[in-house]
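The values are calculated or read from the model by the stated rules, or taken from the named source; none is laboratory data. Because the structure is a prediction, the values reported are computed rather than measured. All Cβ positions, glycine included, derive from the backbone under ideal geometry; neighbour counts span all protein chains shown. Please note that ligands, DNA and RNA were not included when accessible areas were found on the heavy atoms of the full protein model with its side chains. Shrake-Rupley method; radii C 1.70, N 1.55, O 1.52, S 1.80 Å.
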Amino acid sequence: MRKFCALLAVWAALMMAACGDTIYNNRYTLTETEARTAAFEAVAPNVAELKYGDEFGTGFVYTVRDGAPVLVTALHVVGTGFDPALLSVRFYGETDYAVSTEDAPVAELLGYDETYDVAVLRLLSAPDRDFADLGADRVSGPDPGSATLCIGNAGGGGLYASDGIVSAAERVMSVDGRYLAATATTSAVNAGCSGGPVVDLSGRLVGMGFAQQLTLDGSDRPVQDMNFMIPAEIVDAVCSLVLDLSLIHISEPTRPLY
C-alpha cells in the first residue's frame, strides 16, 4: 500500500508539472478551452495579416465609421511614409490577399501617433462581413493576473492565438530609445504580431501587441522574454482623435497628431 501511495504521489507530481503552464492563479485557468475558443471566434473575423513591402504584421478592425471599416495597427508596421501601393491585406478566413495597386489601394492612412506607435487606416477593400465594434467593448487597466489572448501573424506564417496573463500593470517603458506607456503580458507578441489585438476571455479588447524584448545569456539562451501591449484606452484615444480630425479635414494629407 505504501508503495502504491508513493507511486500515486509521483504520478500526481508529474501531472501537476505537465499542467503547470496552464494554471496561472486562483481566478483564471487557461485550460478553459471553450472560453479561449469563444474569445478567438468573436475577434478573429476582425483580424488581418498585413504585408507592407517585404515586412509583415497584423492589424484589426477597431470600429466602422460611415460604412468603412477602420483598421488599427502598430505604426512601425507601415511607417510614417506610408505608400498605399505597398500594402496587402488578408483577413481571417480569406484565402487570398487583397493587393494594392496605384489606382486601387486597399487602404488609406488617416493618421498616426508616433509617441504611442499607433496607426489608423480606412479600408477601401475588405470582405463583406459584420465586423465587431471592438472599440465599444474594451477593458481599461486590466488587473495583473487576468487572462489574455493575443492574435497575430507570427513570423508571417498566418494568424494564430497565444494565451497568457497580464503580468504587469501599465507602466512607462523604453523601447528602441523611446519611452512608451505599455502593459506587460505573457501572451507571445512574436515578430509579425505587432498590431494584433490582445483580448480577455470574453473577447473584449485590452490592448494591441507591439513589442517583445528577449534577453539572452552568454550562450545565446533566452533568460527573459517580455511581451508588451499598448493599452486599449490609448488605442481608443488615438483612433478617436484621428477619426474626428479626419472628418473635419478629410482633404488634408496624412499627418501625425503632434
Suppose the filter is farther than 20 Å from VAL43 by Cβ and either in contact (Cβ under 8 Å) with a residue 12 or more places away in the chain or small (Gly, Ala, Ser) (or both); does GLU94 pass it? no
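Take the stretch 66-85 and flag every residue that is open to solvent by 20 Å² or more (accessible area, probe 1.4 Å) and either under 21 Å from the mean Cα position of the chain (by Cα) or under 15 Å from GLY156 (Cβ atoms) (or both). Don't jump to the end; show me each part of the working.
So the first thing to find is which residues in the stretch 66-85 are open to solvent by 20 Å² or more (accessible area, probe 1.4 Å), and the list is 66-67, 76, 79-85.
Passing the criteria: HIS76, GLY79, THR80, PHE82.
What about ALA44, is it part of a helix (DSSP H, G or I) and surrounded by 23 or more Cβ atoms within 10 Å (Cβ to Cβ)?
Against the criterion (part of a helix (DSSP H, G or I) and surrounded by 23 or more Cβ atoms within 10 Å (Cβ to Cβ)), ALA44 does not qualify.
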Subset of the stretch 109-130, residues surrounded by fewer than 20 Cβ atoms within 10 Å (Cβ to Cβ) and farther than 27 Å from GLU41 by Cα, comes to GLU114, THR115
Residue satisfying all of: in the stretch 126-151; assigned to a loop (DSSP other than H, G, I, E, B) and of a type in the set (A, V, I, L, M); farthest from PRO105 (Cα to Cα) among these: VAL139
Considering only the stretch 131-139, I want to know if a residue exists there that is touching a strand residue (DSSP E or B) at 6+ places or on another chain (Cβ under 6 Å), farther than 22 Å from ALA38 by Cα and either crowded, with 23+ Cβ neighbours inside 10 Å or at pLDDT 85 or above (or both). no
